[in-house]
Amino acid sequence: MGKRPLVSFTLALIGGLFFSEAFLYFPLTSSLVVSIFLLLELVFFRASLLSFSLFLVGASGFLIHQMIAIPLSAHDLRHYVDQGSIRMIAQVSGPLRHDPRHVRLQMKAGALLVGEEVHPLQGDFHLNIWKKEIPFEYGDHLEMKIKLRRPKQFQNKGVFQYADYRERTGWSGVANLSNLDRIEKVGEGGNPVLKHIFRWRDEIRRRILKAFKRPAGALLMALVIGETGYLPDKVREDFSASGTAHLLAVSGAHLAFVSLFIFGLVRFLLLRLPEAILLRLTLWKIPSQWAALLTAVAAVFYTFLAGAKIGTLRALTMILLYLLSIWMGRSRDAKTALALAALLIIFFEPRAVFEISFQLSFLSVLFILLILGWKKERDGADAHDIPEAGASFYRRAVAGPGSLMMHSTIGAILGTLPLTLYYFHQFSWIGLISNLLVLPLVGWFIVPIGLLSALAALFFSEGFPLAEVHEPLLSYFYDLISFFAELPGAGFHFASPPLWLVVLYYTLFLTIILLKKPKFLFSIFLLSFGMLFFVRGGMRMSPAHLRVTFLDVAQGDATLIEFANGKTMLIDGGTETAGKFAIAPYLWERGIGTIDILVATHPQFDHMGGLPYLMRTFKVGEVWSNGRGNKADHYQNFSRALRAKGLKHLIVNNRTAPKTIDVCALFFLNPGEKDLHLQMKPNDNSIVLRLSCPTMKEKTLGFLFTGDIEAETEQNLVEEYPDLKSSILKVPHHGSRSSSSLRFITAVSPEIAIISAGRKNRYRHPHPSVLNVYDQLGAKLYRSDRDGAISFELEQKYGNPDLPLKIQTYESNKIKRMIWSGGVPAQEWENIKRFFLGGS
């Protein structure tokens, strides 16, 4: 096992858990890889890499994950997801999370109520209550009638699959309540100490809300107690672009600074006690050891006051082990402490290894330790040695700490870079510089002063003490963040690297470091992977032919058109959430940084809500709209973004001259010029576009984009345009029965119809009668709620000569879990192709 058996033990357990997850998708391949490894280990390495005991540990991890990944018990809450209303009793299992509109509760199911019968129920879920304040707290037992649903996720390539992620990490589903009549408190429980700490946490939140305006109060809440729900979107975007987003969740750095501050303060005060008292204390322990004990208590308290997130728990475990070694007067090994921290978290929740926060937190610390160890061997001294007393002030106060922070920052970036690109498409080079200035400001001033003020507010004062100090300090802090965020190139976005490349990076990095390979080999490795990640991820590969993709934006619309000459057009932008989390990641995945034409078909939230974010984030050539507006927030945001970016804005109608883009012709069919002056429904004023592109054999392929038009406008189009025939129709108004009249569909006569609708949406789109009409007319139906994104690429070798299209859906390219009753080899072969050829 080597010099650090606990490290080997932990790695074997984590390896078993990840192997078990891979086994669900690649059972034959993963089994073959492990068999080959074991054979090589026995024949060539003589069990030097993997002992029998470590093999058993890995096998235990595999079995544990298999038992919890598949709901075998009849009492498993996952059986009731998307099955309608259920009555149940559940306990609030963590601190409440607030934002300006709702409160989110972590719930642990306890009992299912069926009439007078009570059945046991097991599982965790999130409950969103759409009230600003609620009369519940940690530990309460609540009886409720809810509909448990699978969380929403957008099925587009490159988009983070939130529902799959939550299922993998142990959350059964999510429920929403807007009426407190459907929920009541029926008992109390929970740890009494935690209950008091979480009450104090909530009181601090209330005090900050009263004493500060946004964003100062929101920043203070996020930095001191980890409550991020009140942060404005612009603030989040600036922190992300500046490479300092990790500061918004109370992380290991926060806890380390707070612990160091408390340790130094306690030790300072102890050394100034009366000599008689100090001598009595030193008979038992020296001042540093007493300071370690008191710091441990304070660190535990602050961890739970800040919400006890995984990154903070990891830091707490390492800090407690470090303080314990001081208390006992023994040597300290950081890698063993890191392994023990991981082991303790896995013991309580094995699926924590799949949490992004777990992966980023542990990898950042591991790589910091590896880089510092590499520096120690290179320099012949410990990377974190304190300069000797005779050293110059510059070396003691600037060069030494600065070198430590720089190498720590480099280590953290190297450890988290592939996963940050994989999950978030982002790398902020400016983080190398910004963290050197921002971390000390947060760690030595904002967090300690904020925490002291918060505690004083709880016990000694009304209001929030030192608010007049916090306001300018937070203002300066955010100005600094904004400065870095606005630097050219800050917050680059890239296509996510394939998972196999991420695994290869970590494997080779650890091999080079642990086997102590020469420095030039390390440099070649970093340069090679840097090119793979950034050059490959930043390249725009324009399609050879026209490509049209109907994106999954839940209940809304968004269609991306990529022309062979590199031009792009986006028709509608879904909701605000869809713009950020469905459309933008897909564009990054395609290497698209410029939207040449942005079309807002009509001013409704599910079509226009995401456009302001896209206008802020991407370079936009020009914007088209129908010229109609309203007083709703989403339209005002749209107008502000237009003005702020100084974008060219064209108002289009059916009198607008056709445009030629590449080899395609674009025709404007609606709204009518006179209709804009009438009090028509907003839906009927939607921009309707017909895209006509030539194919071989002197034929054309037509796409008809219809927005949300209803029967009245459909009738007008049929009467005004004798030839509406189009091969592909974007079904009007998400398949509502107020649209898709028989006369209109017959006139269009589509071979393929696309319905953009949200999964299990409250409007029940598409309507069964509409589906029946398209079916009777022989149109092939695709639905974003079932198929995910649907893309059509014009290419002669695909399809038939009259419809030369390569058609792909997200669902058809998705890597899927094995269905054991089916043909396993065939399923696995499809998964392998998707894994290496860009599946999701």
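Rank by packing, highest mean first: peptides 222-234, 56-68, with packing defined as the count of other Cβ atoms within 10 Å averaged across residues. The partial results should precede the final answer.
Numbers: 222-234: 19.8, 56-68: 17.2.
Going by the mean number of other Cβ atoms within 10 Å, highest first, we get 222-234, 56-68.
Take the Cα coordinates of region 565-724, assign each an equal point scatterer, and use the Debye formula without solvent to give log10 I(q)/I(0) at q = 0.08, 0.16, 0.19 Å⁻¹.
-0.23, -0.94, -1.26
Per residue, what volume in Å³ does the Cα convex hull of region 171-226 take up?
Per-residue hull volume (Cα only) is 167 Å³.
So which lysines pass the test for Lys725, namely a Cα distance under 17 Å, with those fewer than 8 places away in the same chain ruled out?
Output for Lys725: Lys699, Lys780.
Per residue, what volume in Å³ does the Cα convex hull of the chain take up?
Hull volume normalised by residue count: 208 Å³.
Could you quote the convex hull projected area for region 58-201, Cα atoms only and averaged over all directions, in nm²? Intermediate results must be reported in sequence, preceding the final value.
Values: hull surface 44.7 nm².
So the Cα hull casts an average projection of 11.2 nm².
By how many degrees, between 0 and 90 and to the nearest 10, does the Cα long axis of helix 711-720 differ from the longest principal axis of the chain?
50 degrees
For the chain, take the longest principal axis of its alpha carbons; what is the angle in degrees between that and the long axis of helix 27-43, to the nearest 10 within 0 to 90?
Value to nearest ten degrees: 40.
With a probe of 1.4 Å, find how much accessible area the chain has per residue, and write the answer as a whole number in Å². Let's see the in-between values first.
Numbers: 39470 Å² over 840 residues.
In whole numbers, the chain has 47 Å² accessible per residue.
Among bridges DSSP assigns within the chain, what percent are antiparallel (round to 5)?
70 percent
If you take the Cα atoms of region 681-764, find Rg, then find the Kirkwood Rh from the mean of 1/r over all pairs, what is Rg/Rh?
Radius of gyration relative to Kirkwood radius: 0.99.
Among 281-293, 821-833, what's the highest-first ranking by average C-beta atoms within 10 angstrom per residue?
Top to bottom by mean Cβ count within 10 Å: 281-293, 821-833.
Along the charge dipole of the chain, pointing to its positive end and built from +1/-1 on Cβ of Lys, Arg, Asp and Glu, which listed residue (His649, Ile745, Ala495) has its Cα farthest out?
Projecting each Cα onto the dipole axis, the largest value belongs to Ala495.
Share of the chain's accessible area from carbon and sulfur, percent, 1.4 Å?
Of all accessible area on the chain, carbon and sulfur atoms account for 62 percent.
What full-extension length gain, to one decimal in nm, is calculated for Lys108 and Val186 as 0.36 nm per residue of separation minus the Cα-Cα distance?
26.6 nm
Using a Förster radius of 60 Å, what is the FRET efficiency between Glu471 and Arg817 based on their Cβ-Cβ separation? Nearest 0.05, please.
Approximately 0.70, to the nearest 0.05.
In whole angstrom, how long is each semi-axis of the equivalent ellipsoid of region 683-840, when you take the square root of 5 times every eigenvalue of its Cα gyration tensor and sort them from largest down?
32, 21, 12
Pairs of alpha-carbon atoms within less than 8 angstrom and 6+ residues apart define the contacts here; what relative contact order does region 310-355 have, in percent?
Details: 24 pairs, mean separation 19.1, N = 46.
Reported relative contact order: 41 percent.
Which aspartates and glutamates have a Cα less than 17 Å from the Cα of Lys814, not counting those fewer than 8 places away in the same chain?
Leaving aside aspartates and glutamates fewer than 8 places away in the same chain, those within reach of Lys814 are Glu21, Asp164, Glu167, Asp552, Glu589, Asp785, Asp787, Glu828, Glu830.
If you consider only alpha-carbon coordinates, what radius of gyration and Dmax does region 515-580 have, in Å?
For region 515-580, the Cα radius of gyration and maximum Cα-Cα distance read 19.3, 55 Å.
Placing unit charges on C-beta atoms (Lys and Arg positive, Asp and Glu negative, everything else neutral), compute the dipole magnitude of region 548-595 about its Cα centre in debye, rounded to 20.
160 debye
Defining a contact as two alpha carbons under 8 Å apart and six or more residues distant in sequence, what relative contact order in percent does the chain show?
9 percent
What span do the alpha-carbon atoms of region 1-108 cover on each of the three principal axes, reported in whole Å from largest to smallest?
The Cα atoms of region 1-108 stretch 60, 32, 24 Å along the principal axes, largest first.
Subtract the Cα-Cα distance of Lys780 and His75 from 0.36 nm times their separation in residues, and report this length gain in nm to one decimal.
Full extension of this stretch gives 249.7 nm more.
In Å and from the alpha-carbon atoms only, list the Rg and Dmax of region 463-521.
21.5, 59
Report, in degrees rounded to the nearest 10, the 0 to 90 angle that the Cα long axis of helix 52-69 makes with the longest principal axis of the chain.
Once rounded, the angle reads 40 degrees.
Calculate the dipole size of region 717-784 relative to its Cα centre from +1 charges on Lys and Arg beta carbons and -1 charges on Asp and Glu beta carbons; express the result in debye to the nearest 20.
Using Cβ point charges on Lys, Arg, Asp and Glu, region 717-784 gives about 560 debye.
How high is the relative contact order of region 54-133, given as a whole-number percent (alpha carbon pairs under 8 Å, six or more residues apart)? Spell out each step's value before the answer.
Numbers: 117 pairs, mean separation 21.0, N = 80.
Answer for region 54-133 is 26 percent.
Counting each DSSP H run of 4 or more residues in the chain as -39500 (n - 2.57), what helix-only mean residue ellipticity at 222 nm follows after dividing by all residues, to the nearest 500 deg cm²/dmol?
-14500 deg cm²/dmol
The values are calculated or read from the model by the stated rules, or taken from the named source; none is laboratory data. Predicted model only: the values in this text are computed from it and were never measured. Cβ sites come from the backbone with ideal geometry, for glycine too, and all protein chains shown count toward neighbours. Side chains are part of the model used for accessible areas, which takes the heavy atoms of the whole protein and leaves out ligands, DNA and RNA. Shrake-Rupley method; radii C 1.70, N 1.55, O 1.52, S 1.80 Å.
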